[in-house]
1. Does the stretch 52-64 include one or more residues that are assigned to a strand (DSSP E or B) and of a type in the set (Asp, Glu)?
2. Please work out which residue is nearest to Ala112 (Cα to Cα), limiting yourself to the stretch 65-89 and to residues that are in a loop (DSSP other than H, G, I, E, B) and under 13 Å from the mean Cα position of the chain (by Cα).
3. Could you please find all residues in the stretch 35-45 being crowded, with 17+ Cβ neighbours inside 10 Å and touching a Ser or Thr at 6+ places or on another chain (Cβ under 8 Å)?
4. Give the residue, chosen from Val117, Val101, that is in contact with a strand residue (DSSP E or B) (Cβ under 6 Å, 6 or more places away or on another chain), touching a residue at least 12 places away in the same chain (Cβ under 8 Å) and either surrounded by fewer than 19 Cβ atoms within 10 Å (Cβ to Cβ) or not polar (S, T, N, Q) (or both).
5. Looking at the stretch 53-112, which of its residues are among the acidic types (Asp, Glu) and in contact with an Asp or Glu (Cβ under 8 Å, 6 or more places away or on another chain)?
6. Under the condition of being β-branched (Val, Ile, Thr) and over 14 Å from Ala97 (Cα atoms), which residue from the stretch 49-80 is surrounded by the fewest Cβ atoms within 10 Å (Cβ to Cβ)?
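What follows is calculated from the coordinates using simple rules that are stated; it is not laboratory data. As the structure is a prediction and not an experimental result, all values here were calculated from the model. Counting neighbours? That spans all protein chains shown, and the Cβs are built from the backbone with ideal geometry, glycine included.
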Amino acid sequence: MSFSAPVPMRLDELRPFAHCNHDELEFIEARLMRIEANSGDVLMSEGEVGHEVAILVDGVVTVQHDGHTIASFGPGEIFGEMALQEGHPREATVVAASPIVAEVCSASAFAAIVDHVPTLSIVLLDTVERHTRTAGAMI
């Protein structure tokens, strides 16, 4: 996995940020770090303490629990948020199923983003609910 400096992108084209205004998008973009990973790269590991959250910009990732794939995500999907919200170790492993590009932010940057753009709380709650339903159905 490689890291690069923040790169201007059209966050407003991704579902979680479609409602954001220009100032909110600038605030968010300033707190993101772009990563690129190859197919097969592990992005987050089950059991590790979560310190970051990511939004997939391009490519596909799979979510695995106990070695079984329980979900696949494409562009616009947020992942890693459950460990931040719960303060527990990650309950799943996220693996790049193709070459991917994602924007990542630390727990503190994520908290600042949600504080600055409160409407993202609704998006986050929806994401956590969908991920919990998916995990519950498969585990």
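1. Yes, there is a match, as at least one residue in the stretch 52-64 is assigned to a strand (DSSP E or B) and of a type in the set (Asp, Glu).
2. That would be Gly80.
3. Ile35, Glu36, Ala37, Met44, listed by residue number.
4. So the residue among Val117, Val101 that is in contact with a strand residue (DSSP E or B) (Cβ under 6 Å, 6 or more places away or on another chain), touching a residue at least 12 places away in the same chain (Cβ under 8 Å) and either surrounded by fewer than 19 Cβ atoms within 10 Å (Cβ to Cβ) or not polar (S, T, N, Q) (or both) is Val101.
5. Passing the criteria: Asp66, Glu91.
6. Filtering the stretch 49-80 for residues that are β-branched (Val, Ile, Thr) and over 14 Å from Ala97 (Cα atoms), the one surrounded by the fewest Cβ atoms within 10 Å (Cβ to Cβ) comes out as Val49.
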